[in-house]
Each structure stands twice: as structure tokens, then as C-alpha cells.
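First the structure, in the form of C-alpha cells, and then the observations on it.
The values are calculated or read from the model by the stated rules, or taken from the named source; none is laboratory data. Remember, predicted model here, so these are calculated numbers, not experimental data. Cβ atoms come from the backbone with ideal geometry, glycine included; neighbour counts cover every protein chain shown. The accessibility values were calculated without ligands, DNA or RNA, using every heavy atom of the protein model including side chains. Shrake-Rupley method; radii C 1.70, N 1.55, O 1.52, S 1.80 Å.
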Amino acid sequence: AIRRKIVIFLWILIIFVFWIFWLSLWIEQSTKNQIFSLDLLKSPGESTLLIPWAGIYADQPWTIYKERLNTALQLLKINPQLKILISADNSRENYNETAVGLDYLLKYEVNTGNIFLDFAGFDTYDSLYRAKAIFQAEKLIIISQDFALPRALFIANQLNIPAIWVIAWSGKVSFRNFLREKFANIKALLESTRKIKPHFLGELIPLSWRSNSWEFLEKANQKLF
């Protein structure tokens, strides 16, 4: 009886692992035509740059986050009038990924009026849902590493966010990120197909309005950094 249970468990495990990798392949194939490298995206038009969260350490952007911010800076050289939406985690009083991203861009003299801040982008799904629902973005350039882009695009497609343009940064992918992405695909599938609301919504902050980064800086009553 014990042996039979072990065999059944192993078969279930094999089927589950197979399904995870099939889901990943399906997501990658369904979004591959929407991924562009930086040198191929010459005319971003009226799109908004979406920079999702990626962690900070000691008030500095973590490597992955810094790569996304640097990609945004390169795109701004092509079109300095592009609007930027930094969507990151500010769930704790002393942890503000959004403000750190703002500080990084301001050091490179990016126009503050073009930067919008989302303090409740706790994950990719929340960032994309809120980009459309709160900030009323119509076109997005999702700036992320290539290992995470298919999932982000899949979510955007499921949420009917039109005309997605994407920048892919290609580089070495750690085994941790590779494995994490496989399981994150399951979460993305469940959330996006069921159109689950994010952790927080709130009042509208249309990208056509005055940038809320001005308000954030004014409330600080001084330069942030």
C-alpha cells in the first residue's frame, strides 16, 4: 500500500512538473512577437514606460531594478517626452522602492513632470492592473529582464491593455529566477484569467494630469536624497 502511494505521488509530481513547463512554453510562444530589444524599438510613440518593482538594498536599487531604470534612461534618449510609471512596493514605512526609483532617475536629470509614481505595485499583476485602472495607460512599454517579460505580457494581454510594446534586456538568468518564474506563471494564470482586483485601487491618477511625483516631492518639503 505504501509503495502504491509512492508511485501515485511520483506520477502526480511528474504530471505537475510537466504542466508547469508546458504553461511556461505556452506563455512564451503566445507573447514572443511582442518582445523587442532596445536597438529594434526606434519609435515608441505615445507609449508609457512601465518600470515594475525589483527590490532595493539600503536605499539603492538592486541590480535587476537598476538595469530596468537604466533601460528607461536609454529609451528617454530616443524620446525624452515619454512618460514613466514607476510601479513598486511601499508596503512598509521604511521600505519605498518607488521613491528609490524616482531618486535614481532624478540623478540623471529626468523631467520630474514626466514621472508618475505607483506605490502599490506589489507584484507584476498589480502593476499592470493599476497602470490601466488607476493611471489609465493606453500603451505600455514594459521594461523588464527577458526572463520575466513573457509573464508580464501574458498578464497585459489578459487584462486587455492595448498595443503593448516591450523592451527585453538579455543577460544571465540565475537558477533562482528561472525556477521562480515557473511558479509565478501559475499565479499569473489564476489572477489574470479571473481578473482579480489588486491589493489596492484608489483614486484615479490619469497620465494626462499633473505628475504625482511633484506632489510627493512637495510633501517631503525638501529634496528626497
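Odds and ends about this structure:
- Selection from the range 67-105 of residues that are of a type in the set (A, V, I, L, M, F, W, C) and part of a helix (DSSP H, G or I): Leu69, Ala72, Leu73, Leu75, Leu76, Ile78, Ala99, Val100, Leu102, Leu105
- Taken together, the residues in the range 113-161 that are among the charged types (D, E, K, R), modelled with pLDDT under 90 and closer than 22 Å to Asn96 by Cα amount to 0.
- Hits in the range 58-110 (condition: open to solvent by 30 Å² or more (accessible area, probe 1.4 Å), touching an Asp or Glu at 6+ places or on another chain (Cβ under 8 Å) and within 19 Å of Leu38 (Cα to Cα)): none
- Contact map, the range 176-201: first residue on the phi > 0 side of the Ramachandran plot, second residue in a loop (DSSP other than H, G, I, E, B) and of a type outside the set (Ser, Thr, Tyr), Cβ cut-off under 7 Å, separation 6 or more or different chains; the map is empty.
- Odd one out for Phe175 among (1) more than 16 Å from the chain's Cα centre (by Cα); (2) at pLDDT 90 or above; (3) of a type in the set (Phe, Trp, Tyr); (4) farther than 20 Å from Gln29 by Cα: (2)
- Single condition Ile164 does not satisfy, out of (1) modelled with pLDDT of 90 or more; (2) in contact with a helix residue (DSSP H, G or I) (Cβ under 7 Å, 6 or more places away or on another chain): (1)
- Residue match in the range 33-46 (condition: at pLDDT 90 or above and either β-branched (Val, Ile, Thr) or in a strand (DSSP E or B) (or both)): no
- Residue within the range 8-24 that is open to solvent by 10 Å² or more (accessible area, probe 1.4 Å), on the phi > 0 side of the Ramachandran plot and either touching a residue at least 12 places away in the same chain (Cβ under 8 Å) or under 15 Å from the mean Cα position of the chain (by Cα) (or both) present: no
- Taken over the range 101-127, residues that are aliphatic (A, V, I, L, M) and over 16 Å from Arg68 (Cα atoms) amount to 1.
- Pair list, Cβ under 8 Å, 6 or more apart: the range 123-152 residue without any contact (Cβ under 8 Å) to a residue 40 or more places away in the chain and farther than 22 Å from Trp62 by Cα, other residue open to solvent by 20 Å² or more (accessible area, probe 1.4 Å) and of a type in the set (D, E, K, R): none
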